[in-house]
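Before any comments, here is the structure.
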Amino acid sequence: MNSRRPLLAALVGVTSLCLVNGDARAQDKDKPVVNIPQPGVPQIMTMEGKFVRAAYNNEGYVILGYQASNRSIGEEWMLLEIGMTVRDKVPDYRLTRAALSLDTPAGKTLPLPTVSEQREGNPRAIEQRAKVQRDSINYFPPDAHRACGIGFFPDLGARALPQDIVDLSSDRACVGRLYFKIPGGIAYGQHWLNVKFQNSVIRVPFRILTEDEEKTLSKNYKDIDKQVKAAFAPKK
């Protein structure tokens, strides 16, 4: 399992990647500038792929992949590949369904649906898409080496029963899927996955990209990733 870089000594507020056009703000006329707005909580964000985002603080770590959702504009159900753990020397934590919510570009905060709501909503279209349009989220802190499932939404036909909790510990890398029912369908723009830990909240930012934004990110990924890392480098 891949290791994460050490937690920076000074935590700073972070959120998502926005691509800013215009020569007036560009460091280089041929390169976009990363605009990182503030999430309102102390944390650090990293990009682990075009559709993979992670955020963490001294208490917890959350990573998500959302490529299938970015390919599902206008559809009712959003699917997120999710991973989480607690940091080294942090006590074990029992996370419940109520600890998870989603903020949309429309300014709405959506709770995690029940299993019955998810199954009655029939999100098979995005599930099929996620079989071929997904990215690895296997990026965890080095202490998280034991596999752990997040069973809020087990696959139909699976022997596992739905779970309302997941027990997090620093040596467990817990992964699974989350679903959210989006009023009016998935829209372009800034989203936030909110995860409440015992003493803090982590807000993982991810942006549903337009076709032009995706092309810009693909073309300039290394430069944009460098800018994001620089934004959270320790101050000298």
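The values are calculated or read from the model by the stated rules, or taken from the named source; none is laboratory data. Remember, it's a predicted structure, so these values are computed and weren't measured experimentally. Here the Cβ positions follow ideal geometry from the backbone for every residue, glycine too, while neighbour counts run over all protein chains shown. Side chains are part of the model used for accessible areas, which takes the heavy atoms of the whole protein and leaves out ligands, DNA and RNA. Shrake-Rupley method; radii C 1.70, N 1.55, O 1.52, S 1.80 Å.
Quick look at the values:
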| item | result |
| --- | --- |
| Selection within region 104-125 - under 17 Å from the mean Cα position of the chain (by Cα) and either crowded, with 19+ Cβ neighbours inside 10 Å or in contact (Cβ under 8 Å) with a residue 24 or more places away in the chain (or both) | Thr104, Pro105, Thr109, Leu110, Leu112 |
| Which numbered condition Thr210 misses (of (1) under 26 Å from Pro105 (Cβ atoms); (2) among the hydroxyl-bearing types (Ser, Thr, Tyr); (3) touching an Asp or Glu at 6+ places or on another chain (Cβ under 6 Å)) | (3) |
| Some residue of region 136-146 being among the polar types (S, T, N, Q), outside any strand (DSSP E or B) and free of Cβ contacts under 8 Å to residues at least 40 places away in the same chain | no |
| Per-region count, region 78-98, residues farther than 15 Å from Gly176 by Cα and either acidic (Asp, Glu) or open to solvent by 10 Å² or more (accessible area, probe 1.4 Å) (or both) | 9 |
| Selection status of Ser101, under 17 Å from Gly185 (Cα atoms), outside any loop (DSSP other than H, G, I, E, B) and either among the aromatic types (Phe, Trp, Tyr) or open to solvent by less than 30 Å² (accessible area, probe 1.4 Å) (or both) | yes |
| Members of region 154-189 that are polar (S, T, N, Q) and modelled with pLDDT under 95 | Gln163 |
| Condition broken by Ser3, with the remaining ones in (1) out of contact with any Ser or Thr (no Cβ under 7 Å at 6 or more places or on another chain); (2) over 23 Å from Gln128 (Cβ atoms); (3) at pLDDT 95 or above; (4) of a type in the set (Ser, Thr, Tyr) satisfied | (3) |
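Yes or no, residue by residue, for (1) over 16 Å from the mean Cα position of the chain (by Cα); (2) not aliphatic (A, V, I, L, M):
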| site | (1), (2) |
| --- | --- |
| Val41 | no, no |
| Ile73 | yes, no |
| Glu76 | yes, yes |
| Leu100 | no, no |
